[in-house]
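The values are calculated or read from the model by the stated rules, or taken from the named source; none is laboratory data. Treat the numbers as computed from the prediction; the structure is a model and nothing was measured. Note: ideal-geometry Cβ built from the backbone for every residue, glycine included; neighbour counts use all protein chains shown.
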Amino acid sequence: MNSLRIDVDNIVFSYGVAPLLRQVSFSVEAGELFAVLGPSGSGKTTLLRVIAGLAQPSSGCIRTGGAAVDTALSPGRNVGMVFQSLSLWPHMTVFENVAFGITGPSSERETEQRVTNLLDMLDIADTRDARPDCLSGGQRQRVALARALVSEPRLLLLDDPFANVEHELRVQMRHDLRVVQRRLGITTILVTHDLEDALSIADRVAVVVHGVIEQIGSPASIYDFPSSPAVARFVGVENFIPGVVAHVENQTVEFSSPDIGKLRWSVARDRPAEGPSLLSIRPHALHIHPVDTFRDGRYSWFEGEIVTSEFLGEVVRYQVAVGGILVSVKQLHFLGTPPTPSGTPVLVGFDPTHARVFPG
C-alpha cells in the first residue's frame, strides 16, 4: 500500500456568509498519522469532508503528491474514510460489509483473501458471519476500519472514530489503530475533540479553533508550549492570572499581579514581552500546603483559601480564592488522607518555570 503526501492549501469554507474554515493550510507527510484537534463546531469534520472530496470549499485546494486534485467527489481519489456514525449496513454480515468497500474490479478469490486478511489483522475473524447489531461497539469500529482499508487506499480519514465507546475500550482501539496504521504505512488524518486521543497516537497535532489553525506541532510541544490562550485552554490549562510583565532582562522575567503579588524567574525559551499579560498555570503544577509551611526559595508562593474540594479518586480538585480570582489546583490523593475542607487558609506553591505568559 503506497502512502501519500497531502497538502491543504488556504482552504476556505462558508455556510452562507459565515466562514467555517478560514485560510486553513497544513501538510501531512507520507505515512504520517496527523491529528486535527478542536472543540465541537470548530470545523474539523467539514475539513475532513473537504479533503475527502465530499464538500466543495469556497476557495483553496488540496494537493496530493504535489499535484492539485479536483475537490469534487471522485472514486478515483483512493481515499478511505471512517465516519463517526460508522454507517454499517444492518442487513449485511461483517464479511459483506467489509467486501462492500472494494471499489475496483476484484475476483471472488481476491475478495475473499483481502477481506479475510483484514479481519485477521483487526482480530474480528470470528465475527465474519455476524450482523452489526450482534457486535460490540469496539467490534463495529473494527469492521468500519476494515471496510475503509479493504480498497487499499493511500489516504485514511477518521472522523472522531472513538467518540461512542467507553474509556477502556477507547484506549485499546487507539492502540490497535496505531499498530495497523504503522504496519500498513498509510497516511492518516484523524479529527477528534478528545485531547487524549490526539496526544496518545498522533505524530503531529493541529489545533483548530473557530475554523483557524492555531498551532501545529508534536503532541509534547502542543501540550508543553501552547502558542495562545485558546490552545492552552484546550490542552488543559485552567488558570489564567492577569498581571503585567514589568521587566525582562537577559533570561529573567518579572511578573506582577494584584492577586498573587510579584514573581521573578528565569526562562529558557519564549521570552515574554513587557506589558499587560496572562500568567497561565496548569492545575497539577500547583500544590497546596498549610500556611505555616517553610517557603522553599525555588518556588513561588501565594496565600489563599479553599472554596471547594472535589474528591476524584486519583486526585483532589480544589478551587482556591486568591485575591479577586479563583485558582484551580489538582493534587494527588494519598491513601487515608482526607481532602482539605472548604474555608481552610492554605499556602499555594509552584515552580514558575512551569508557567507560561501570554500577552493580553
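Residues in the range 256-296 that are in a strand (DSSP E or B) and more than 31 Å from the chain's Cα centre (by Cα): SER256, SER257, GLY261, LYS262, LEU263, ARG264, GLY275, HIS289. One residue stands out among those in the range 75-104 that are small (Gly, Ala, Ser) and assigned to a loop (DSSP other than H, G, I, E, B): the one that is modelled with the lowest pLDDT, which is GLY104.
The set of residues from the range 191-234 being in a strand (DSSP E or B) and under 9 Å from the mean Cα position of the chain (by Cα) comprises VAL191, THR192, VAL205, ALA206, VAL207. The sole residue among TRP265, TRP301 that is within 18 Å of ALA246 (Cα to Cα) and not charged (D, E, K, R) is TRP265. So for the range 105-128 (the condition being among the hydroxyl-bearing types (Ser, Thr, Tyr), free of Cβ contacts under 8 Å to residues at least 24 places away in the same chain, assigned to a loop (DSSP other than H, G, I, E, B) and within 29 Å of ILE51 (Cα to Cα)), does at least one residue qualify? Yes. VAL253 - would you say it is buried (at least 19 other Cβ atoms within 10 Å of the Cβ), modelled with pLDDT under 90 and over 24 Å from ALA144 (Cβ atoms)? Considered against the rule, which asks whether it is buried (at least 19 other Cβ atoms within 10 Å of the Cβ), modelled with pLDDT under 90 and over 24 Å from ALA144 (Cβ atoms), VAL253 comes out as yes.
When the range 129-167 is filtered for residues that are in contact (Cβ under 8 Å) with a residue 60 or more places away in the chain and among the hydroxyl-bearing types (Ser, Thr, Tyr), only SER151 remains. Here the range 325-360 is the region considered, the condition is being among the small types (Gly, Ala, Ser) and within 23 Å of TRP265 (Cβ to Cβ), and the residue that is surrounded by the most Cβ atoms within 10 Å (Cβ to Cβ) is ALA355.
Inside the range 195-229, residues that are in contact with an Asp or Glu (Cβ under 8 Å, 6 or more places away or on another chain) and more than 23 Å from LEU149 (Cα to Cα) make up a count of 6. Residue pairs whose Cβ atoms lie under 9 Å apart, sitting 6 or more positions apart in sequence or on different chains, and linking a residue in the range 20-46 that is farther than 22 Å from ARG5 by Cβ to a partner that is surrounded by fewer than 20 Cβ atoms within 10 Å (Cβ to Cβ) and of a type in the set (Lys, Arg), are GLY43/ARG22.
Looking at GLU310, GLU303, just one residue is surrounded by fewer than 14 Cβ atoms within 10 Å (Cβ to Cβ) and charged (D, E, K, R), and that residue is GLU310. ALA268 meets the conditions (1) farther than 23 Å from SER227 by Cβ; (2) modelled with pLDDT under 90 in every case but one. The failed one is (1).
Assess whether LEU158 counts as being surrounded by 19 or more Cβ atoms within 10 Å (Cβ to Cβ), assigned to a helix (DSSP H, G or I) and either modelled with pLDDT of 85 or more or among the β-branched types (Val, Ile, Thr) (or both). Answer is no for this residue.
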